[in-house]
Amino acid sequence: QVQLVESGGGLVQPGGSLRLSCAASGNISSINLITWYRQAPGNQRELVASITSGRSTTYAGSVKGRFTISRDNAKNTVYLQMNSLKPDDTAVYYCHAVLSTDWRRGPYPYWGQGTQVTVSS
């Protein structure tokens, strides 16, 4: 059984920083893609950043230059370093992974449970 666990969320003042972690565990053969999404109350879920197995990255325009996504393949863990945080960054942040549990099968998507990030003075 595959599990994605997010951590690192919390309360921070505007201009502050947080680092989120997404740890994948279970019967994992390979992780093709990991993406951070976020969802604020009343809003749709939006893509924040993603990283491929080859460490190719993409960012939403609203976070580019402030957020950095990275991965530790040996630990099956992805990080989201968030700097210069703004109140608009307040949301539940979700980790999404496209991965394979069996090399004979195609990849399949999985979601984490989310971690709350609150940016407020």
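Coordinate-derived values only; no laboratory data. Since the model is a prediction, treat every value here as computed from it, not as a measurement. So basically every Cβ, Gly included, is an ideal-geometry build from the backbone, and we count neighbours across all protein chains shown.
Only one residue of SER84, SER30, THR115 has its Cα farthest out toward the positive end of the dipole of the chain, where Lys and Arg carry +1 and Asp and Glu -1 on Cβ, and that residue is SER30.
Taking VAL48, VAL78, VAL98 in turn, the Gaussian network model of the chain (Cα-Cα springs below 10 Å) assigns the largest fluctuation to VAL98. P(r) for segment 1-115, from all Cα pairs and a bin width of 5 Å, is 2, 12, 24, 25, 19, 10, 6, 2, 1, 0 %, short bins first.
Farthest toward the positive end of the dipole of the chain, out of LEU99, SER53, ALA40, is the Cα of SER53, where the dipole comes from beta carbon charges about the Cα centre. Annotation: the antiparallel percentage among DSSP beta bridges lying fully within segment 47-90 is about 90.
Remark: spin-label model distance ASP88-LEU33 equals 2.5 nm, labels positioned 7 Å along the Cα→Cβ axis. Label-to-label distance, ALA60 versus ARG19, with points set 7 angstrom from Cα along the beta-carbon direction: 2.3 nm.
Computed from the C-beta positions of SER7 and ASP102 and an R0 of 30 Å, the FRET efficiency is 0.65 to the nearest 0.05. Computed from phi, the 3J(HN,Hα) profile of segment 102-113 under the Karplus parametrisation 6.51, -1.76, 1.60 (θ = phi - 60°) reads 8, 5, 7, 10, x, x, 9, x, 9, 10, x, 8 Hz, with x in place of Gly and Pro.
Rounded to the nearest 20 debye, the dipole magnitude of the chain is 220 debye, with +1 charges on Lys and Arg beta carbons, -1 on Asp and Glu beta carbons, and the Cα centre as origin.
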